[in-house]
Amino acid sequence: MLLAVVTETREGEARVAMVPELVPKLTDLGYDVVVEPGAGLRAMHPDSEYVDAGASAESLALGDVDVMLSVQPLAPSQVRQLKPGAATFSFLPTAQELDLVTELRDQQVTAFAMELVP
């Protein structure tokens with residue numbers, strides 16, 4: 001199962017969805033982890049830290065991703081590239097992102113809104 005971390009594109013967002021220390025926990029469970037190049041730079045985690053932890057740092061083919069991790073919601077253009085049955089984990093203010101929620105539904109992508117997780 002391919003788990004991917006995308007580079008944040010929204011203005012002012014300096015966080016990254018996963019820190020390198022979590023990579024071994026996921027790879028030990030059998031996940032393949034790929035981090036988009038530069039995804040952690042604004043959070044002061046260079047690609048080399050992810051690679052040293054067991055992830056690969058390479059351009060993402062979104063259609064191959066099973067689980068996409070991001071801090072902010074994906075853009076509709078990114079969602080359209082995901083395969084049906086994929087899942088996303090991010091913050092997702094549904095009342096402000098109705099078009100995105102519709103796109104997720106239409107693409108048959110499951111979205112987990114982290115602000116709703118206790």
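The values are calculated or read from the model by the stated rules, or taken from the named source; none is laboratory data. Just so we're clear, the structure is a prediction, and the values are computed from it rather than from any experiment. Cβ atoms come from the backbone with ideal geometry, glycine included; neighbour counts cover every protein chain shown. For the accessible areas, the whole protein counts, side chains as well, though only heavy atoms, and no ligand, DNA or RNA atoms are used. Shrake-Rupley method; radii C 1.70, N 1.55, O 1.52, S 1.80 Å.
What whole-number value in Å² describes the accessible area per residue of the chain for a 1.4 Å probe?
It amounts to 55 Å² per residue over the chain.
Would you list 89, 112 from the most to the least accessible area, probe 1.4 Å?
Ranked list, largest accessible area first: 112, 89.
What angle do you read, to the nearest 10 degrees and between 0 and 90, between the alpha-carbon axis of helix 98-107 and the longest principal axis of the chain?
80
In whole Å, what are the extents of the chain along the principal axes defined by its C-alpha atoms, from largest to smallest?
38, 30, 29
Using a 1.4 angstrom probe on heavy atoms only, work out the carbon and sulfur share of the accessible area of region 16-118 in %.
Reported share for carbon and sulfur atoms: 55 percent.
Any idea what the relative contact order of the chain is, in percent, if you count C-alpha pairs under 8 Å spaced at least 6 apart?
Relative CO of the chain lands at 24 percent.
Mind ranking 45-53, 98-106 by how tightly packed they are, going by the mean number of other C-beta atoms within 10 angstrom, highest first?
Peptide ranking by packing, descending: 45-53, 98-106.
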